[in-house]
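The values are calculated or read from the model by the stated rules, or taken from the named source; none is laboratory data. Note that this is a predicted model, so its numbers are computed, not measured. Cβ coordinates were reconstructed from backbone atoms using ideal geometry, including for glycine residues, and neighbour counts include every protein chain displayed. These area figures cover heavy atoms from the full protein model, side chains too; ligands, DNA and RNA do not enter into them. Shrake-Rupley method; radii C 1.70, N 1.55, O 1.52, S 1.80 Å.
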Amino acid sequence: MLFRFIKILAFGILSILVFSDAFSQTILVYNQQTGEPISDVFIYCSNKKTTALTDQLGMVDLSDFKDTDIIHFQHTSYYTLDISKQKITKQKYRVGLVENFVKLRELVVSASKWEENTSEIPNKIEIIKRKDIIFSNPETSATMLESGGEVFVQRSQMGGGSPMLRGFAANKILFLVDGVRMNNAIYRSGNLHNVLQADVNSVESAEVIFGPGTNIYGSDALGGVIDIHMMTPEFSTEGKKWITSGHGLARLSTANFERTIHADINTSNEKWAFLAMITYSAFDDLKMGNTGGNDYLKRPEYIGTVNGNDSIFKNDNPNEQKFSAYNQLSFITKLSNKFSESVSWTYSIYLTSTTDVPRYDRLIQYKNDQLRYAEWDYSPQQWVMNSLELDFHQKTKAYDNAILTLAYQNVKEGRNDREYKNEWLRKRNEAVNIFSLNADFDKKINLTNSLFYGLELVYNGVQSTGIKQNIITNKEIATASRYPDGGSKYFQSGAYISYKKNFKRLPATFQAGTRYSYVSLNSKFDDTSFYHLPYKEIKLGNSAITGSAGFVYRPGSWQLTLNISSGFRAPNLDDVAKVFDSEPGNVVVPNEDLQPEYLYNGEIGVLKKFQNKASIQITAFYSYLDNAMVRRDFTLNGQDSIMYDGEMSKVQAVVNAGYANIYGASFLANIQIVKHLGFKTALTYIKGLDDEGYALRHAPPLYGNSALVFEKNRLKVELSASYNAKVNYEDLAPSERDKPHLYATDSVGNPYSPSWWTLNYRMAYSFNDKFMTNFAVENILDKRFMSYASGIAAPGRNFIFSFRYSF
């Protein structure tokens, strides 16, 4: 996908170049609200004898048009504009278009790894564009995903955000950055917060595929795929001349005193392009709301440590969630080269690192009526990736286009915890080295038939260590590591092929495909004395063939979709071989007999468009999960309880249950009330039950978002409401019932998750094509609440200010 954001940066310079030439008739067409140049705008005169099309930088030459012509600018996502050529000259050769509230068509790349029109795809896909990100102005990628109301996000701490898709989360959702698989051997099955590695201020677009409806991704994509595209270098159109442009952002929010600064710079000529992006964010302790009850969320006290001595202190402001603060630094640099007309390459380096991230839900746990943990942090996390992408765009007998991606990732993460009045701080650290190769091809057989095929190879090497350190003497002693201390090797491979047919005489598209996957794991235990495991090595090898078939029928203004698919997830190292305390009094141990789980899915969708005035979309799905991997009571050496971290704990393990049923529906509507005022809403319902009738942990309650949107010229304003239904005790998963400190208490003393709703205001205004400001008030009514399954209360009334500048 081309780098739309850098088009904005180049826009100012290109405008000067165009205007400075008194005889030039090259103009720029741009989004009047964001300043973003618009490509593929169809331009024609009244008799349609003269036409033109804007290029990728929104530029077009109007020299073929007469000075007396009325010129029409048409694009499926914008209102048609009729303007005289003389007026264009008075506007300094710049034409701004106002975005249409109801989009007629959009392109995505996640379904096949190549650009496709959404009208040809049988899957439900949410598209988040750069302009949406600029307006919603999120502080993290997790906030970006939930901003549209279609993705539910859980948070255990402020430095987190675990998306839930169709009853699945964590390692049952596939996460991609620039086409590279982020899921690694230690992606856990609980709540996973690695989506924050993708710096939201450097994101070009994101696409969310719901369900396992596409066969190209293999293991892990049960709930769906989150495909995030970072900004890419933009080549100059000025020949050998080097052009430099850039962008800066400063953002401040009050609920956690967020301070974010971002800068990017792009320099290029027609052959070379270089892009560098950097973001630094600092977050203080998060403040919850002050109204609406839910006093159980307050933080009345906390543990402080002075000269190695722990004491419990009264919190002067119980709405301030003490020890939730953290900082994050992200840096990305990319270098692109057009080797020839048909071959180009891009080398990219990514770095994201954090300070200690407090695990807030553990810091508010009580044991024997007093706070349990003096410390519980994710130690500084670090993600580094190097990738080389080779692009071939020349028709051969085997392919029309090909992309070869080689990547290396280094992931470091750890956990530090210490109980109250305990001098020993436990430190467990993991290092993962990941090598991957992806090769993807497309071939257009004729005008109506296309093939997509490719292969994937991924290797993970994992090292895990554990020590205890005395906070007074600094003495260190050995303790059990989280994963096998002898090292682990995890290998994934797969090959896929997909076929697409657009019928000639029928407004319909058929897609089908299959994938073969093989996954192996080899883990070794050097020291089994801590838990006396009855084995010293775990070896697994699993393979599967999965497939999908879908049909899209487009009679008139309707679009009807039908899709059936199967999914597969092989157990990774985290599922099979870790030892950790899942909840107070429970300990999870390895299970060498764990097997893969399989998902069989069917979904139907109906989309109705009322020209450019409204659109309504309804999607319903049913999934059957066979051999489901769930956490259940277990035995180790014949014992159902063992001593863990000084406490007798019930033994549990991830095991294969019989089955689970998951079903649900979503409703989306976009309505143009009058020309500049629209209404949109997104509503999702999901229900999941295992073979014993218990609710699935990652099936959230009814949730959604509704908004009134006003947009005219350079101003955009939104008034929205977000909401989340109640979850009764009977509908809580057993693992959630075991965390009563995170839930309200009903009339008989059982935990439950209360319903909530918030009112929010957001606006953006562009002073010109260089300077833009955003302002928002989230949770206007200052409600105190916590989203389902989360471990930290949501922000209270939150004022957000930001300023963007382009040069």
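Does any residue of the range 252-265 turn out to be part of a strand (DSSP E or B), touching a Lys or Arg at 6+ places or on another chain (Cβ under 7 Å) and open to solvent by 10 Å² or more (accessible area, probe 1.4 Å)?
Checked against the condition, which is being part of a strand (DSSP E or B), touching a Lys or Arg at 6+ places or on another chain (Cβ under 7 Å) and open to solvent by 10 Å² or more (accessible area, probe 1.4 Å), the range 252-265 yields at least one hit.
Name the pairs whose Cβ atoms lie under 8 Å apart, with the first residue in the range 498-516 and aliphatic (A, V, I, L, M), the second surrounded by 16 or more Cβ atoms within 10 Å (Cβ to Cβ) and part of a loop (DSSP other than H, G, I, E, B), and 6 or more positions between them or separate chains?
508/554
Please go through (1) among the β-branched types (Val, Ile, Thr); (2) within 28 Å of residue 370 (Cα to Cα); (3) open to solvent by less than 60 Å² (accessible area, probe 1.4 Å); (4) not in a strand (DSSP E or B) for residue 396 and return the number of the only condition it doesn't satisfy.
Single failed check for residue 396: (2).
Of the residues 205, 219, 236, 245, which is more than 12 Å from the chain's Cα centre (by Cα), in a strand (DSSP E or B), buried (at least 22 other Cβ atoms within 10 Å of the Cβ) and not hydrophobic (A, V, I, L, M, F, W, C)?
Just a single option satisfies the conditions, and that option is 245.
Based on this model, can you work out whether residue 279 counts as more than 22 Å from the chain's Cα centre (by Cα) and assigned to a strand (DSSP E or B)? Walk me through how you get there before you give the answer.
Numbers: more than 22 Å from the chain's Cα centre (by Cα): no; assigned to a strand (DSSP E or B): yes.
No.
Given the residues 782, 731, 746, which is the only one that is among the acidic types (Asp, Glu) and open to solvent by 50 Å² or more (accessible area, probe 1.4 Å)? Even if it seems obvious, please write down each step before you answer.
Numbers: 782 fails: open to solvent by 50 Å² or more (accessible area, probe 1.4 Å); 746 fails: open to solvent by 50 Å² or more (accessible area, probe 1.4 Å).
Criteria check complete, one pass: 731.
What number of residues within the range 375-409 are more than 30 Å from residue 328 (Cα to Cα), of a type outside the set (Val, Ile, Thr) and in contact with a strand residue (DSSP E or B) (Cβ under 6 Å, 6 or more places away or on another chain)?
First, the residues of the range 375-409 that are more than 30 Å from residue 328 (Cα to Cα): 390-404.
Then keep just the ones that are of a type outside the set (Val, Ile, Thr); that gives 390-395, 397-402, 404.
With in contact with a strand residue (DSSP E or B) (Cβ under 6 Å, 6 or more places away or on another chain) added as a condition, the list becomes 390-393, 399-402, 404.
Counting residues in the range 375-409 that are more than 30 Å from residue 328 (Cα to Cα), of a type outside the set (Val, Ile, Thr) and in contact with a strand residue (DSSP E or B) (Cβ under 6 Å, 6 or more places away or on another chain) gives 9.
Answer yes or no: is there a residue in the range 307-328 that is open to solvent by 60 Å² or more (accessible area, probe 1.4 Å), in a strand (DSSP E or B), free of Cβ contacts under 8 Å to residues at least 40 places away in the same chain and basic (Lys, Arg).
Yes, there is a match, as at least one residue in the range 307-328 is open to solvent by 60 Å² or more (accessible area, probe 1.4 Å), in a strand (DSSP E or B), free of Cβ contacts under 8 Å to residues at least 40 places away in the same chain and basic (Lys, Arg).
Quick check on this structure: which one of 486, 454 is of a type in the set (Gly, Ala, Ser) and under 23 Å from residue 531 (Cβ atoms)?
From the options 486, 454, the qualifying one is 486.
Please give the number of the condition residue 399 fails out of (1) out of contact with any Leu (no Cβ under 7 Å at 6 or more places or on another chain); (2) closer than 19 Å to residue 194 by Cβ.
(2)
Could you look through the range 266-306, keep only residues that are within 24 Å of residue 799 (Cα to Cα), out of contact with any helix residue (DSSP H, G or I) (no Cβ under 9 Å at 6 or more places or on another chain) and hydroxyl-bearing (Ser, Thr, Tyr), and pick out the one that is least open to solvent (accessible area, probe 1.4 Å)?
So, considering only residues that are within 24 Å of residue 799 (Cα to Cα), out of contact with any helix residue (DSSP H, G or I) (no Cβ under 9 Å at 6 or more places or on another chain) and hydroxyl-bearing (Ser, Thr, Tyr), the one least open to solvent (accessible area, probe 1.4 Å) is 291.
Take the conditions crowded, with 20+ Cβ neighbours inside 10 Å and either in contact with an Asp or Glu (Cβ under 6 Å, 6 or more places away or on another chain) or of a type outside the set (Phe, Trp, Tyr) (or both) and apply them to residue 376. Does it pass?
Details: crowded, with 20+ Cβ neighbours inside 10 Å: yes; either in contact with an Asp or Glu (Cβ under 6 Å, 6 or more places away or on another chain) or of a type outside the set (Phe, Trp, Tyr) (or both): yes.
Against the criterion (crowded, with 20+ Cβ neighbours inside 10 Å and either in contact with an Asp or Glu (Cβ under 6 Å, 6 or more places away or on another chain) or of a type outside the set (Phe, Trp, Tyr) (or both)), residue 376 qualifies.
Name every residue in the range 674-697 that is part of a strand (DSSP E or B) and free of Cβ contacts under 8 Å to residues at least 12 places away in the same chain, in order of residue number. I'd like the intermediate steps shown before the answer.
Pass one, the range 674-697, residues part of a strand (DSSP E or B): 674, 677-690, 695.
The one that is part of a strand (DSSP E or B) and free of Cβ contacts under 8 Å to residues at least 12 places away in the same chain: 674.
Taking the range 749-779 as the region of interest, how many residues are of a type in the set (Phe, Trp, Tyr) and either more than 20 Å from residue 709 (Cα to Cα) or open to solvent by less than 30 Å² (accessible area, probe 1.4 Å) (or both)? First the steps, then the outcome.
As a first pass, look at the range 749-779 and keep what is of a type in the set (Phe, Trp, Tyr): 752, 756-757, 761, 765, 767, 771, 775.
So of that shortlist, the ones also either more than 20 Å from residue 709 (Cα to Cα) or open to solvent by less than 30 Å² (accessible area, probe 1.4 Å) (or both) come out as 752, 756, 771.
Qualifying residue count, the range 749-779: 3.
Being more than 22 Å from residue 690 (Cβ to Cβ) and either free of Cβ contacts under 8 Å to residues at least 40 places away in the same chain or surrounded by 18 or more Cβ atoms within 10 Å (Cβ to Cβ) (or both) is the filter here; which residues of the range 591-611 pass it?
Residues of the range 591-611 that are more than 22 Å from residue 690 (Cβ to Cβ), as a first pass: 592, 604-611.
If the condition is that a residue be more than 22 Å from residue 690 (Cβ to Cβ) and either free of Cβ contacts under 8 Å to residues at least 40 places away in the same chain or surrounded by 18 or more Cβ atoms within 10 Å (Cβ to Cβ) (or both), then 605, 607, 609 are the ones that fit.
Give the range 23-66 a look and list any residue that's farther than 18 Å from residue 91 by Cβ and touching a Gly at 6+ places or on another chain (Cβ under 8 Å), or say none.
Correct list: 39 only.
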